[in-house]
Amino acid sequence: MESWIFLLVGSVGAVGAAMVLGTGMALLRYHREGDFPGRPADAPPPDRRDVQLLWGRVALGLVVAGGAFLALQAQGLL
């Protein structure tokens, strides 16, 4: 039974970590090169809300990954 808990919660944690890593890299590219993810080069620059949504996605990923880590630790699986 514990292996299923580890696989399920660990998979959710991996999705959260992927959100943090992928969105963080997109934000880094935007700040370095000015390329906003999902927009063509000739599009107008993103407004403040678009950037805030990306930071919110990073925060959500941190919460999901951290929650999964804590859940696995509480079960004694880490």
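Considering P45, P37, the condition of being out of contact with any Pro (no Cβ under 9 Å at 6 or more places or on another chain), surrounded by 13 or more Cβ atoms within 10 Å (Cβ to Cβ) and outside any helix (DSSP H, G or I) is satisfied by P37 alone. Scan the stretch 48-76 residue by residue and report those that are surrounded by fewer than 14 Cβ atoms within 10 Å (Cβ to Cβ) and either touching a residue at least 40 places away in the same chain (Cβ under 8 Å) or touching a Lys or Arg at 6+ places or on another chain (Cβ under 8 Å) (or both). Scanning the stretch 48-76 gives V63, Q75.
May I ask you to verify whether L28 is modelled with pLDDT of 85 or more, in a helix (DSSP H, G or I), out of contact with any Gly (no Cβ under 9 Å at 6 or more places or on another chain) and not acidic (D, E)? In short, yes. Taking residues in the stretch 18-34 that are of a type outside the set (A, V, I, L, M, F, W, C), and partners anywhere that are outside any helix (DSSP H, G or I), the pairs with Cβ atoms closer than 6 Å and at least 6 places apart or on different chains are R29/D35; Y30/F36. Of the residues making up the stretch 50-65, just one is closer than 13 Å to Y30 by Cβ, of a type in the set (V, I, T) and at pLDDT 95 or above, namely V58.
The values are calculated or read from the model by the stated rules, or taken from the named source; none is laboratory data. All figures in this text were calculated on a predicted structure; none of them were measured in a lab. Using ideal geometry, Cβ is built from the backbone for each residue, glycine included, and neighbour counts are taken over all protein chains shown.
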